[in-house]
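**Student:** Mind having a look at this structure? Questions to follow.
The values are calculated or read from the model by the stated rules, or taken from the named source; none is laboratory data. Values in this document were obtained by computation on a predicted structure and should not be read as measured data. FYI the Cβ positions are ideal-geometry reconstructions off the backbone, even for glycines, and counts take in every protein chain you see. With ligands, DNA and RNA removed, areas are computed over all heavy atoms of the protein, side chains included. Shrake-Rupley method; radii C 1.70, N 1.55, O 1.52, S 1.80 Å.
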Amino acid sequence: MKKGMLILKNIFYGIGSRLITLAFGLLIPRLLIVSFGSEVNGLLATVTQIFTYLALLEAGIGNSAVNALYKPLDNNNYLQANEVLIEAKTYYRKVSIVYGVCIIAFAVLYPLFASTSLSKFSVFGIIVLQGGGNFINYYFTAMYTHLLTANGKGYINENISLITYILTSITKIILIMFGFDVLVVQFGFFVLSILKAPIISFYCHNKYKWIDLKVKVSTKYLKQRGAFIIHELSGTIFNNTDVFIISTFCSFSMASVYTVYNLVYASLNTLLGAANGGLGFILGQGQYKDREHFIKVYDMYSLAYSYLAFVLFTTAVILIVPFVELYTAGVSDIDYLVAGVPILLTVINLMSAIRATGSLLINVSGHAENTKKRSIIEAFINLISSLILVNIFDIRGVLIGTILALLYRTNDIIIYSNVKILNRSAWYEYRNIAIKSITFVLIYIFTKRVMINVTNYQEFALYGLLCMFYVITIYLVVDIIFNIKLFKYWEARFKLKKGSD
């Protein structure tokens, strides 16, 4: 019962915070484009992505710390849990210093090469203020967020992050609307973003009285840190190469075009991330118990996650063009309606979602070391193919390059997680993917024949709700029909549990 409540809290607060993030995430880029132009929006997006690369300095610590905490927390072994936290803290302190040096170096060098109408001082300031909040959070509280995740209380971190995000977003909106310079907007963001560190530290020390960061560490627990670094490195290159290549080989304005389309898909991915983060500790702790039941847990988890992904991204591909038309109304410095981009982005996000559960299983089962080379291959395929194809198909070439990498790695993850970890054929998962993919194609072909003409956000919202209801119903019927045995298993289990109560 307690674990069930943790699941509900993680999902409820996670999705709630993502919805609020989605609202601000749609509003602020629009204000930036209208107030400062597509070039500034593209520059800010590029700087954000570069900081994602710098965040690789802490790569591996987080995932390995969460994995190392699962078992001692489940067994109430607080001595071992403290040792893991101390080891994570030591790594984070070292990494934070290097991260700070990189921020200054990047802030000094990037303005010398960036092609922008902003002054070099403004670019310098934007970079320092963008990275400063991360530096403070890494140095003081990163290990506590991993403790909350491993203990199934990720929703606490979600709530604290949400409060901080709301405050920073409202500050940005007010400053933009009152006509302040973009550098002032970034300063307001920085001041409020550092609130998260003291709040999380205070909560954890009051909630977990057993925390003692002076315990002498006798064992190295973050053994797979190096493997996770490789996965994080390749994953970051894979997920964040697009906007950097587009801004470099096309323009900052074209990077803004990509950002506008992608902010919809990125927002939807945050909703999926809430579900994955909220349930992830179940796979992490469940692997030590009944194996047959664990496989059923995985299958239901995978089915539910893919269902949510197909519903969200199918709805997105239907509505994305009318949304972009409304969103960029009045912006004339570049044409935001680029043919082919919506369907390519949808395919990318569907393929990424399809492999998410298998990827999580690989991480929590301690197989990161065995799969790191495959992750490198994926990043290599994405980078090389994108660099070649961007010169032929512009922004669409970058997206095609990402799809080529996904074709390799998605299949690899599905096969590895099923064969090597679950010790079974990958047929069941492939069958579900094929059924959903065929359903997606049929829905897409049908809706392409329907003309969508909306003139305001009220009409868009109404049409969107009707569209989502239609998509939800179709995928639900399809999943129940083709997975009836799995549903019956869980129905019988719930009845048995209810009877025993």
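**Student:** Show me the trypsin sites (Lys or Arg not before Pro) within segment 347-454 that DSSP assigns to loop and that have at most 15 other Cβ atoms within 10 Å of their Cβ.
**Tutor:** Taking segment 347-454 and a limit of 15 other Cβ atoms within 10 Å, the loop trypsin sites (Lys or Arg not before Pro) found are 424, 449.
**Student:** Based on the Cβ-Cβ distance from residue 101 to residue 463, what FRET efficiency comes out when R0 is 35 Å, to the nearest 0.05?
**Tutor:** On the way: r = 51 Å, r/R0 = 1.44.
It comes to 0.10.
**Student:** Now a separate question. Whole number in Å², please: accessible area per residue of segment 106-221, 1.4 Å probe, ligands, DNA and RNA not counted.
**Tutor:** Ligands and nucleic acids excluded, the figure is 50 Å² per residue.
**Student:** Give 172/448; 71/216; 71/420; 372/485 a once-over and call out the pairs whose C-alpha atoms are over 26 Å from each other.
**Tutor:** 172/448; 372/485, as the Cα separations exceed 26 Å there.
**Student:** Using a 1.4 Å probe on the protein heavy atoms, what percent of the accessible area of segment 169-213 belongs to carbon and sulfur?
**Tutor:** 73 percent
**Student:** Given 0.36 nm per residue, what is the gain on full extension from residue 444 to residue 304 after removing their alpha carbon distance, in nm?
**Tutor:** Full-extension gain reported as 48.3 nm.
**Student:** How large a share of the accessible area of segment 387-445, in percent, is made up of carbon and sulfur atoms when the probe is 1.4 Å and the other protein chains stay in place?
**Tutor:** Carbon and sulfur: 74 percent of the exposed surface of segment 387-445.
**Student:** So, in nm, how far is label residue 481 from label residue 35 when the simple model puts each one 7 Å beyond its Cα toward the Cβ?
**Tutor:** That separation, rounded to one decimal, is 5.0 nm.
**Student:** Quick one: if the Förster radius is 22 Å, what FRET efficiency do residue 207 and residue 163 give, using the C-beta to C-beta distance and rounding to 0.05?
**Tutor:** The pair residue 207/residue 163 has a calculated efficiency of 0.85.
**Student:** Just order 255-266, 177-188 by mean Cβ neighbour count inside 10 Å, highest at the front, would you? Each step should come with its number before you reach the end.
**Tutor:** Working: 255-266: 23.2, 177-188: 15.8.
Order by mean packing, descending: 255-266, 177-188.
**Student:** On a full-extension model of 0.36 nm per residue, what is the gain between residue 423 and residue 76, subtracting their alpha-carbon distance, rounded to one decimal in nm? Could you put the intermediate results ahead of the total?
**Tutor:** Working: separation 347, 0.36 × 347 = 124.92 nm, distance 3.02 nm.
Answer, rounded to one decimal: 121.9 nm.
**Student:** May I ask you to compute the full-extension gain from residue 491 to residue 177, defined as 0.36 nm times their residue separation minus their alpha-carbon distance, rounded to one decimal in nm?
**Tutor:** 107.7 nm
**Student:** Using the Karplus equation 6.51 cos²θ - 1.76 cosθ + 1.60 (θ = phi - 60°), what ³J(HN,Hα) coupling, rounded to whole Hz, does each residue of segment 382-397 give in order, writing x for Gly and Pro?
**Tutor:** Values, residue by residue: 5, 5, 5, 5, 5, 5, 6, 6, 5, 7, 9, 10, 6, 4, 5, x Hz.
**Student:** Still on this structure: With each pseudo-label sitting 7 Å past Cα toward Cβ, what's the residue 339-residue 249 distance in nm, one decimal?
**Tutor:** Between residue 339 and residue 249, the label points sit 2.2 nm apart.
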